[in-house]
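Comments concern the structure below.
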Amino acid sequence: MTTGEKLTNLRKKANFTQEELADKLNVSRQAVSKWEQNQAFPETDKLIQLSKLYGVSMDYILGINNDTGELLDDSNKLALYQTKSFFTSIWSIVYGLIMLLLFMAPYVSLSSEGFGSIEFYVNVNVYQIIFTGDLHIGNILLIMAFLLVILQIFIGVLILFLNNKAELVGYRKIASVVELGLWTILLILFIKDAKVAMLFILLLSLINFIGLFKVKQNKIEYIIE
């Protein structure tokens, strides 16, 4: 039996799809497919992770001995809370809720004409702007950014319950890129009237972007080493 055939059998015994395994190892589904078709070979660190994940020896995977390859007890199986998907899901929900709270703080200072044509300025928050019904470019961009925050919370919930976690994580990353771009444009457009909340929202969006693209695991070991 080839290494690819063993990897295929082990994955099926563990009831993982190629996408789920790829997510656990932080590789692409195509990489897993190439391993199983003997078109490529896992790197040493991935072999160690596969060995611990499946509960078999590296020697068995490499064909050095005649182990049966039977899965051991569930103690070596990766729990949901140890995966990158779980980190992304929880972060998406927490991030979204924090943003929704920040939206209540003064975002920009807008001019208005009062009694006797006296001009004065009013501090407004995100909710007050998006629910005015005006379709100025700034309002449209703000509504789009607001909807992207809601979308990211929704994706975070879906990741917990659906199987195509790797694909959802990808969508989550795309949403974070677009959202960061929108907040940046809004800051440029309204820099003269910006309030503290505008800066905090942009900063949090930047942290969100960096966290999703740079953090490969949560503090609990994503693959036990």
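Taking the convex hull of the alpha carbon atoms in region 119-214, what volume per residue do you get, in Å³?
Spelled out: Cα convex hull of region 119-214, divided by residues, is 108 Å³.
How much net charge surrounds residue 123 when only other residues with a Cβ under 13 Å from its Cβ are counted (Lys, Arg +1; Asp, Glu -1)?
0
Tell me, what ³J(HN,Hα) does each residue in region 88-94 have, in order and in whole Hz, if you take phi through Karplus 6.51 cos²θ - 1.76 cosθ + 1.60 with θ = phi - 60° and put x for Gly and Pro?
4, 5, 5, 4, 4, 5, 5
Taking θ = phi - 60°, what integer Hz values does the Karplus form 6.51 cos²θ - 1.76 cosθ + 1.60 yield along region 5-17, in sequence order, with x for Gly and Pro?
Result, rounded to whole Hz: 5, 5, 5, 5, 5, 5, 4, 5, 5, 7, 6, 9, 7.
Readers should treat all values here as calculations from the given coordinates under stated rules, not as data from a laboratory. Remember, it's a predicted structure, so these values are computed and weren't measured experimentally. Cβ coordinates were reconstructed from backbone atoms using ideal geometry, including for glycine residues, and neighbour counts include every protein chain displayed.
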